[in-house]
Amino acid sequence: MKVKKYLVLITLFILPIVAYLFFASGITNFGKLAILTNGVDDVVNMDGDATFKDNITVLGFLGNDSNNTNGNAFNLNQKIYKRFYAFKDFQFVMVMPKGMEEEAAELKKELGLLVDMSKWNFVFGDEKQINVFF
């Protein structure tokens, strides 16, 4: 009778704590991720400071109308960037047409109220460069 009592106590209280401690000690490591797409041109040919080399990159095309894409950028910022920006190799690269530099700065400022935006990069190109890159 006493053995059953202790077995139930261990199963209900101690075992879940041990399992939690085991899983909480794990480390997310991007070192073993495969390259999803080969032969992608780098964005170094466009105006901006970003490069794909040695980085895990989320690439986006925000287009000409920043009012329609601000919601998408906010969702990306909250759902993906906020969770992973602390990793040193992680970055966001958003491609926009030349002339949208002010809108990009405003978007970065708005999103920066919620989280550190140091790994959000904007690159700018003319329509032909963007279409070729896409």
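Mind ranking MET94, MET1, MET100 by accessible surface for me, highest first, 1.4 Å probe?
Final ranking, largest accessible area leading: MET1, MET100, MET94.
Less than 14 Å Cβ to Cβ from PHE124, Lys/Arg counted +1 and Asp/Glu -1: what total charge do the surrounding residues give? Residues close to PHE124 contribute a combined charge of -4. Here the chain has 59 percent of its accessible surface on carbon and sulfur atoms, given a 1.4 Å probe and all protein chains in place.
Test of understanding: express the Cα radius of gyration of region 68-129 as a ratio to 2.2 N^0.38 Å, with N the residue count. All intermediate terms of the calculation are to be shown ahead of the outcome.
Details: Rg = 11.8 Å, N = 62, 2.2 N^0.38 = 10.6 Å.
Relative to the 2.2 N^0.38 Å estimate, region 68-129 comes out at 1.12.
Taking amide hydrogens as placed 1.01 Å from N in the peptide plane, the amide H of LEU62 sits under 5 Å from those of VAL95, each at least 5 positions away in sequence or on another chain. When Rg and Dmax of the Cα atoms in Å is computed from the coordinates, the matching label among [x] 15.5, 47; [y] 22.2, 79; [z] 15.7, 56 is [y]. Using just the helices of the chain, give the 222 nm mean residue ellipticity in deg cm²/dmol: DSSP H runs with n ≥ 4 each add -39,500 (n - 2.57), and the total is spread over all residues, rounded to 500. It comes out at -10000 deg cm²/dmol, rounded to the nearest 500. In the context of the full protein assembly, ASP47 retains an accessible surface of approximately 80 Å², using a probe radius of 1.4 Å and ignoring ligands and nucleic acids.
Backbone phi angles across region 117-126, fed through the Karplus curve with coefficients 6.51, -1.76 and 1.60 (θ = phi - 60°), yield HN-Hα couplings of 9, 5, 9, 8, 10, 10, 10, 10, x, 6 Hz in residue order; Gly and Pro are listed as x.
Heavy atoms only, probe 1.4 angstrom, no DNA, RNA or ligands counted: give me ASP49, ASP65 ranked by accessible area, highest first.
Sorted by accessible area, descending: ASP49, ASP65.
On average, how much accessible surface per residue is there in the chain, in Å², for a 1.4 Å probe, leaving out ligands, DNA and RNA?
Values: 9970 Å² over 134 residues.
For the chain, the solvent-accessible area averages 74 Å² per residue.
Applying the Karplus relation 6.51 cos²θ - 1.76 cosθ + 1.60 with θ = phi - 60° to region 88-104 yields 3J(HN,Hα) values of 5, 8, 8, 7, 10, 10, 10, 9, 9, x, 4, x, 9, 4, 5, 5, 5 Hz, where x marks Gly and Pro. At the residue level, ASP116 shows approximately 80 square angstrom of accessible surface with a 1.4 angstrom probe and all protein chains present.
The values are calculated or read from the model by the stated rules, or taken from the named source; none is laboratory data. Just so it is clear, the model here is predicted, and its values are computed rather than measured. Using ideal geometry, Cβ is built from the backbone for each residue, glycine included, and neighbour counts are taken over all protein chains shown. Remember, those area values only see protein heavy atoms, side chains included, never the ligands or the DNA or RNA. Shrake-Rupley method; radii C 1.70, N 1.55, O 1.52, S 1.80 Å.
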